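Structure first, then comments.
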Amino acid sequence: MKYTTIQNTDIKVSKICLGTMTFGQQNTENEAHEQLNYAVEKGVNFIDTAEMYSIPGSKETQGSTERFIGSWLKDQKRENLVVATKVTGPNEYFKYIRENLGFSKPVILEALNNNLKRLQTDYVDVYQLHWPERSTNYFGQRNYKHNNDDQWEDNFSEVVETLDGLVK
């Protein structure tokens, strides 16, 4: 396995990251654990998940991927693994996760607290915003036409300060 370091950190990650969005929908907890064990045996130390997983997203399976990783993670050497997860961005479809899906400081902190509970750990190594708040062509929408009248409040400073505070 080849490894690299996440820029501006001392975190060493495998060049291959195990995506886990199918855990809980297409894979059982036992199958998830088998896949995680296999990946680690092959040298993968980087695991990616999100609060909205499993996919396709639903109220019934939301958070299952993190729960499956958490039940596996509690029996691992946590310091040898790099866990990445995400806070869900605004999207009407995912209102069952949280009424406010924006990236304000209270929302990010609430989401992260829930991520950590499901993952059964006290930290994550990489925390990501799962698509932007502003209107843009995400998910490869065909024939996307940008509407300049869409309302969006620039809160980049709040988001960056919140994430920086979490790192510190």
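The values are calculated or read from the model by the stated rules, or taken from the named source; none is laboratory data. Given the structure is predicted, the values throughout are model-derived calculations rather than measurements. A quick note on method: Cβ atoms are made from the backbone with ideal geometry, for glycine too, and the neighbour counts reach across all protein chains shown.
Quick notes
- Taken over the stretch 14-31, the criterion of being under 16 Å from residue 46 (Cβ atoms), of a type outside the set (S, T, N, Q) and over 16 Å from the mean Cα position of the chain (by Cα) is satisfied by 15, 16.
- Residue within the stretch 23-42 that is touching a residue at least 60 places away in the same chain (Cβ under 8 Å) and β-branched (Val, Ile, Thr) present: no
- Scanning the stretch 112-127 for residues that are surrounded by fewer than 14 Cβ atoms within 10 Å (Cβ to Cβ) and charged (D, E, K, R) yields 117, 122.
- Selected residue (criterion: surrounded by the most Cβ atoms within 10 Å (Cβ to Cβ)) from residues of the stretch 65-94 that are within 17 Å of the chain's Cα centre (by Cα) and in a loop (DSSP other than H, G, I, E, B): 81
- Any hit, the stretch 96-111, residues being surrounded by fewer than 20 Cβ atoms within 10 Å (Cβ to Cβ), within 18 Å of residue 17 (Cβ to Cβ) and at pLDDT below 95: no
- Of all residues in the stretch 42-64, those that are under 30 Å from residue 2 (Cβ atoms) and either in a helix (DSSP H, G or I) or polar (S, T, N, Q) (or both) total 3.
- Residues located in the stretch 1-32, provided they are in a helix (DSSP H, G or I) and in contact with a strand residue (DSSP E or B) (Cβ under 9 Å, 6 or more places away or on another chain): 29, 31, 32
- Among (1) part of a helix (DSSP H, G or I); (2) closer than 28 Å to residue 154 by Cβ; (3) modelled with pLDDT of 95 or more - the single one residue 117 does not satisfy: (2)
- Residue pairs whose Cβ atoms lie under 6 Å apart, sitting 6 or more positions apart in sequence or on different chains, and linking a residue in the stretch 1-13 that is without any contact (Cβ under 8 Å) to a residue 24 or more places away in the chain and more than 11 Å from residue 45 (Cα to Cα) to a partner that is basic (Lys, Arg) and surrounded by 13 or more Cβ atoms within 10 Å (Cβ to Cβ), are 5/12.
Every residue, every condition in (1) among the hydroxyl-bearing types (Ser, Thr, Tyr); (2) more than 14 Å from residue 52 (Cα to Cα); (3) at pLDDT 85 or above, yes or no:
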position: 68; (1), (2), (3): no, no, yes
position: 76; (1), (2), (3): no, yes, yes
position: 89; (1), (2), (3): no, no, yes
position: 93; (1), (2), (3): yes, no, yes
position: 135; (1), (2), (3): yes, yes, no
position: 163; (1), (2), (3): no, yes, yes
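- All of (1) under 24 Å from residue 10 (Cβ atoms); (2) touching a Gly at 6+ places or on another chain (Cβ under 9 Å); (3) part of a loop (DSSP other than H, G, I, E, B) hold for residue 132 with one exception: (1).
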